[in-house]
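Engineer: Starting off with a structure, shown below.
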Amino acid sequence: MFSLVLIWLIVAAYALGYIWVLYRAWTRIPRRDIDDVIPFLHPVDSSMAEALLDPAADYSLRRRLGPLSFREVQLRRMRLYREMVRRMSENSGVLAEFGRAKFGSSDGLTPGPGSRLEDAHVAVQVYSTFAGMRLRVWLSLPLDRSCVIPTPNLARLRTAGDVDGLKAYEELRAATTEAFAQLQPAELDALTRNL
């Protein structure tokens, strides 16, 4: 008899624990307004990203500078682009969280204002994951000391994970403008300016 009661108490404790975990997961997404989102966005300069990923710029620098000077410049350019990729990833996460809070959980099967934003978020996250890994590997190589390892070509990061990073981020900007078109013009302008 005692073991039967003990078993039921254990089952009840696990059920209550499971309900508590589900409740915490359900209420985890904070209800934010636009004033909570804008300060968390970090501007990404698209023209600078284009210039960093330009194959002609890589070729020109390689021809104009010596091997050691080119390695130093390329390391700086890779660090700068790593920061841009990090910003792209963080911005897409903030916007996706805000979109989920505003439009509800998007399952991707029903079209709506949040579904395009969610798709753009996924594309930017895939790109930033693969590009970030490649940059991490490249920056961990002893490029500043050794001439044996060839200097990576930054233009090869235009696509990573079968996603064109700059196009994916532009799609995120367009999806943000479309999803939050009902915002006041000043709020929408501040939101897109911080992207």
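What follows is calculated from the coordinates using simple rules that are stated; it is not laboratory data. It should be emphasised that the depicted structure is a prediction, and the values quoted were computed from it without experimental measurement. Here the Cβ positions follow ideal geometry from the backbone for every residue, glycine too, while neighbour counts run over all protein chains shown.
Engineer: For the residues His42, His121, what sequence is obtained by ranking on other C-beta atoms within 10 Å, fewest first?
Structural biologist: Values: His42 15, His121 27.
Neighbour counts put them in this order, fewest first: His42, His121.
Engineer: I'd like to know which of Val37, Leu61, Ala12 lies farthest towards the positive end of the charge dipole of the chain, counting +1 on Cβ of Lys and Arg and -1 on Cβ of Asp and Glu.
Structural biologist: Leu61
Engineer: Show me the helices of the chain, taken as full DSSP H stretches, that run 30 Å or more along their long axis by Cα and average 1.0 or above in Kyte-Doolittle hydropathy. List each step's numbers first, then the result.
Structural biologist: On the way: long enough: 2-26 (36 Å, 1.71); 67-103 (52 Å, -0.58); 113-140 (41 Å, 0.12).
Result, helices passing both filters: 2-26.
Engineer: Let me ask something else. Suppose R0 equals 22 Å; then what is the FRET efficiency for Val122 and Thr159 from their Cβ-Cβ distance, rounded to the nearest 0.05? Provide the component values of the computation, followed by the final result.
Structural biologist: Values: r = 16 Å, r/R0 = 0.72.
Once rounded, the FRET efficiency stands at 0.90.
Engineer: Next question. Count the net charge of all other residues whose Cβ sits under 14 Å from the Cβ of Leu157, scoring Lys and Arg as +1 and Asp and Glu as -1. Intermediate values should be presented prior to the final figure.
Structural biologist: Details: positive: Arg77, Arg79, Arg82, Arg86, Arg134, Arg136, Arg156, Arg158, Lys167; negative: Glu50, Asp54, Asp58, Glu83, Asp162, Asp164.
Within the 14 Å Cβ shell, the charges total +3.
Engineer: Still on this structure, please answer the following. Counting pairs of alpha carbon atoms under 8 Å apart in space and at least six apart in sequence, what relative contact order in percent does the chain give?
Structural biologist: Details: 173 pairs, mean separation 55.4, N = 195.
Contact order relative to length: 28 percent.
Engineer: Rg (Å, one decimal) plus Dmax (Å, integer) for the alpha carbons of region 34-193?
Structural biologist: Computed over the Cα atoms of region 34-193, radius of gyration and Dmax are 18.0, 56 Å.
Engineer: Rounded to the nearest 20 debye, what is the charge dipole size of the chain about its Cα centre when +1 sits on each Lys and Arg Cβ and -1 on each Asp and Glu Cβ?
Structural biologist: Details: 25 positive and 22 negative charges, 181 e Å.
That gives a dipole near 860 debye.
Engineer: Separate question: Provide the gained length on full extension for the span Asp45 to Ala174, in nm with one decimal, where the gain is 0.36 nm per separating residue minus the Cα-Cα distance. All intermediate terms of the calculation are to be shown ahead of the outcome.
Structural biologist: Numbers: separation 129, 0.36 × 129 = 46.44 nm, distance 1.55 nm.
Answer, rounded to one decimal: 44.9 nm.
Engineer: Which net charge results when you count Lys and Arg as +1 and Asp and Glu as -1 among the other residues whose beta-carbon is under 12 Å from that of Leu53?
Structural biologist: Values: positive: Arg77, Arg156, Arg158, Lys167; negative: Glu50, Asp54, Asp58, Asp164.
Here the count lands on 0.
Engineer: Order of Arg71, Arg156 from fewest to most other C-beta atoms within 10 Å?
Structural biologist: Details: Arg71 20, Arg156 14.
Final ranking by Cβ density, sparse to dense: Arg156, Arg71.
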